[in-house]
Amino acid sequence: MADGITQAAYWNGEVGQRWARNQAVLDAVFSPLTDALFEAAGLRAGTSVLDIGCGAGETTLRAAAAVGPEGAVAGADVSAPLLAAARERPMPAGAAPVAWVEADVETYPFPPASLDAALSRFGTMFFADTQAAFANIRAALKPGGQLTLLCWQAMAANPWVSVPRAAILPLVPAPGPPPPPDQPGPFRFADGAALEARLRAAGFRDIVRTGLRVPVTLGRDPETAARVACELGPPSHLLREAEPELRARALASVAEALRPHATDGGVQLEAACWLVAAG
């Protein structure tokens, strides 16, 4: 993300529009991780659920199907383009009604103790103030309610990011230093113990953190996978201002780096996440 730009501006700009156009691709890449998130969440019929950083709505609609017509689901995101894409998606049969909310969960005035569950697939790492955000979520949960979230472990533990990034780096100016540990970014919660401490400070108890390492499929072939990595993955910021010729060279370099990871099922690399449940 460019220096000085807010998360709302970032996700309402070109990046949010690009993610909205490619929501089906992203949902496919993250599919095995989404399955793990919902297994841990254990959503029950008739309950109320908040999807934090809902993006284009895949996880929100899955939650709506899980809780059924007697439940209630809200999908919250700061990105108008992603929410517009979410609203265009068909509702599953027998699903709960869904409210799409353009809001920052860090500051949104939820009614106290109004939610049975909150969940997030890679949406909690981008708050300006994680402590305030987690405290706001905790206050919105009923006694016995649970927050279930997925966040990335360190970049070095995520070849689906580090392999394409290493292929791009020789072609572009050296990137600046990584953001400080508590600045918004995809790897903000790489230190799982520090994440647990933040949750406890916000009032959560009964915290269970599990490390997940699963293969994700970036595309059917190296060229398709390279486009996904360069346009939608964390390495995409390295090419934010790249001219077409440089972008083409980067795509070719990434495709070559991904070729050893091609399988009959597509180009697969490991993804490492923390799966956290907190009550």
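Throughout, read-outs are computed from the coordinates displayed, never taken from laboratory work. Since the structure is predicted, the reported quantities are computational estimates derived from the model, not experimental observations. Neighbour counts run over all protein chains shown; Cβ positions are idealised from the backbone, glycine included.
What the table below lists for this structure:
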read-out: Total residues in the range 63-82, condition buried (at least 24 other Cβ atoms within 10 Å of the Cβ) and closer than 17 Å to Gly42 by Cβ; value: 3
read-out: Residue tally, condition crowded, with 20+ Cβ neighbours inside 10 Å and within 26 Å of Pro111 (Cα to Cα), over the range 28-47; value: 4
read-out: Members of the range 38-67 found to be charged (D, E, K, R) and within 23 Å of Leu232 (Cβ to Cβ), listed by number; value: Asp51, Glu58, Arg62
read-out: Qualifying residues in the range 134-170 (those that are closer than 20 Å to Arg205 by Cβ and of a type in the set (Gly, Ala, Ser)) - the one surrounded by the fewest Cβ atoms within 10 Å (Cβ to Cβ); value: Gly144
read-out: Enumerated helices (runs of 4 or more DSSP H) restricted to the range 192-279, each holding at least 3 residues that are under 17 Å from the mean Cα position of the chain (by Cα); value: 222-231
read-out: Residue, nearest to the chain's Cα centre (by Cα), within the range 3-25, restricted to residues that are among the β-branched types (Val, Ile, Thr) and within 15 Å of His237 (Cα to Cα); value: Val15
read-out: Residues located in the range 35-58, provided they are within 11 Å of Val98 (Cβ to Cβ), in contact with a Ser or Thr (Cβ under 9 Å, 6 or more places away or on another chain) and not in a strand (DSSP E or B); value: Cys54
read-out: Members of the range 13-27 found to be surrounded by 18 or more Cβ atoms within 10 Å (Cβ to Cβ) and either out of contact with any Leu (no Cβ under 8 Å at 6 or more places or on another chain) or among the basic types (Lys, Arg) (or both), listed by number; value: Val15
